[in-house]
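Since the structure comes first, as structure tokens, the remarks are kept for the end.
The values are calculated or read from the model by the stated rules, or taken from the named source; none is laboratory data. Note that the structure is predicted; figures quoted are calculated from it, not measured. Note: ideal-geometry Cβ built from the backbone for every residue, glycine included; neighbour counts use all protein chains shown. These accessible areas exclude ligands, DNA and RNA; they are computed on the full protein's heavy atoms, side chains included. Shrake-Rupley method; radii C 1.70, N 1.55, O 1.52, S 1.80 Å.
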Amino acid sequence: QVQLVESGGGLVQPGGSLRLSCAASGSIFSIVAMGWYRQAPGKQRELVAGITRDRSTNYADSVRGRFTISGDNAKNTVWLQMNSLKPEDTAVYYCRIRGLGYDYWGQGTQVTVSS
């Protein structure tokens with residue numbers, strides 16, 4: 001059973017930075033895409049950033065220019081570098097890795113941006 005383990009969340013002041021990591025506990029083959037999503041209280045889960053097998057990336061308008069997604073298919077790991085954090089970035093962040101015949105989600109890591 002493959003599990004995605006996230007780390008790097010926490011409390012940070014506005015303008016600060018965090019780096020989220022997500023690693024698969026087992027071997028994954030034929031990755032199609034990896035991504036980060038977030039869900040704030042009372043809101044729907046939304047895509048923050050995604051990266052495909054050919055390294056194409058996409059970002060939510062609200063984070064473009066501040067967040068950077070990167071991934072290593074060989075290591076089954078995806079990262080999210082978050083800079084210039086704002087209070088509205090506060091949410092539970094989830095990683096996702098999907099491929100041929102599978103779609104794995106992490107358990108979520110809390111990010112709180114507050115002074």
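Here V5 meets the list (1) within 11 Å of G106 (Cα to Cα); (2) in contact with a Phe, Trp or Tyr (Cβ under 7 Å, 6 or more places away or on another chain) almost entirely, failing just condition (2). Does segment 52-59 contain any residue that is within 10 Å of the chain's Cα centre (by Cα), surrounded by 12 or more Cβ atoms within 10 Å (Cβ to Cβ), modelled with pLDDT of 95 or more and farther than 14 Å from V111 by Cβ? Looking through segment 52-59, none of the residues is within 10 Å of the chain's Cα centre (by Cα), surrounded by 12 or more Cβ atoms within 10 Å (Cβ to Cβ), modelled with pLDDT of 95 or more and farther than 14 Å from V111 by Cβ.
Among the residues of segment 68-98, those identified as open to solvent by 20 Å² or more (accessible area, probe 1.4 Å) and of a type in the set (D, E, K, R) are D72, K75, K86, E88, R96, R98.
Take the residues in segment 99-115 that are closer than 20 Å to I31 by Cβ and among the hydrophobic types (A, V, I, L, M, F, W, C); name whichever of them is surrounded by the fewest Cβ atoms within 10 Å (Cβ to Cβ). Reasoning before the result, please.
Going through segment 99-115, the residues closer than 20 Å to I31 by Cβ turn out to be 99-107.
Narrowing the set further to residues that are among the hydrophobic types (A, V, I, L, M, F, W, C) leaves 100, 105.
Numbers: L100: 8, W105: 16.
Filtering first and then ranking leaves L100.
Among the criteria (1) touching a helix residue (DSSP H, G or I) at 6+ places or on another chain (Cβ under 7 Å); (2) loosely packed, with under 14 Cβ neighbours inside 10 Å, the one G65 does not fulfil is (1). In segment 31-58, the residues that are closer than 13 Å to S70 by Cβ reach residues that are modelled with pLDDT of 95 or more and outside any strand (DSSP E or B) with C-beta atoms within less than 9 angstrom, at least six apart or across chains, in these pairs: A49/A60; A49/V63; G50/S56.
Please find, among A23, A33, A40, the residue that is out of contact with any Leu (no Cβ under 6 Å at 6 or more places or on another chain) and open to solvent by less than 20 Å² (accessible area, probe 1.4 Å).
A33
If you go through segment 62-115 and pick out every residue that is of a type outside the set (A, V, I, L, M, F, W, C), in contact (Cβ under 8 Å) with a residue 60 or more places away in the chain and more than 17 Å from Q3 (Cα to Cα), you end up with 9.
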